[in-house]
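Asker: Next up is a structure, given as structure tokens.
Bear in mind these aren't lab numbers, they're just calculated from the coordinates by the rules spelled out. Quick caveat: nothing in here was measured; it's all calculated off a predicted structure. Here the Cβ positions follow ideal geometry from the backbone for every residue, glycine too, while neighbour counts run over all protein chains shown.
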Amino acid sequence: MEDLLVDYYMAKALSQQSKVSFSEREYTLALYTEAVFKRRGVTQAEFDSSLVYYYTRADRFLEIIGRVSERLDEQALMLGASEGEIGKYANYNADGDTANIWSDRRTNVMLPMAPYNRWEFSLEADSTFKRGDALMMMFTSDYMYQSGEKNGLLYIAAVYSDTVVSRILRFTVSGVNQLRVPEDTLRKIRAIKGFFYLNEGKERPSTTRLLFLNNVQLIRFHTGDYEEDDDKTDSLQRADSGGRLQADSLSNRVAEGRSDSLLSAD
């Protein structure tokens with residue numbers, strides 16, 4: 001299964017290289033994947049049956065996907081893919097003006113059932129963060145659904161001393177996705193929190209529905225040369241107690257994974 005998935009992802013990547021119409025890319029993908037199945041001595045039906053098998057063994061499947069991701073990264077480096085859109089920040093140092101600060105796994109597979117339908121992340125800011133920093137989350141989504149509505153969601157929040165700035169992205173198709181959190185020139189980020197979420201929908205539990213997340217990156221941009229005097233920064237911030245209490249309450253809800261935005265989005 002591991003070898004098959006490596007070839008399958010390579011076929012998908014190759015089919016997306018040509019600048020042709022969507023229907024032509026889909027036709028090319030069908031040709032490439034059929035060649036993969038023939039090479040591995042399996043049929044589309046057997047591949048689908050294997051997905052059904054692993055659908056009930058998510059922990060084991062995560063291990064396979066992790067190894068597949070490592071092998072694809074090696075292939076990408078050999079082919080120079082790190083210069084492409086999704087990989088151009090991968091090797092940036094954490095203390096540079098543009099840095100990939102993501103420290104969690106770069107690949108995950110999600111199922112629309114608890115606990116596999118939610119992937120949380122949290123990052124505390126360090127001394128390399130500055131006032132005016134902007135954020136951008138980048139990742140590739142790949143849906144493998146027999147049927148049902150594809151409804152993935154990314155929530156990310158930049159936590160400051162007195163407020164929280166959050167953004168939500170819904171992604172319903174396979175492809176490269178990005179979500180930006182704009183800079184705040186008066187404050188310095190204290191923490192970054194968020195989660196990926198896959199809506200369960202109304203399909204039968206036995207229906208195979210998988211979401212693969214690949215090449216996950218969190219990019220921090222220094223957008224200007226701002227003073228790092230914390231006392232001066234604090235004097236510019238909103239310091240009324242009501243604002244702090246409201247921010248603290250929202251921060252707690254984000255930390256516990258109970259954002260109002262998600263509740264309303266569902």
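Asker: Please give the net charge around Val42, taking every other residue with its beta carbon less than 14 angstrom from that of Val42, where Lys and Arg add +1 and Asp and Glu add -1.
Answerer: Net of charged neighbours comes to -3.
Asker: List, in order, the whole-Hz ³J(HN,Hα) value for each residue of the stretch 47-53 obtained from phi through the Karplus relation with A = 6.51, B = -1.76, C = 1.60 and θ = phi - 60°; use x for Gly and Pro.
Answerer: Couplings: 4, 4, 5, 5, 5, 4, 4 Hz.
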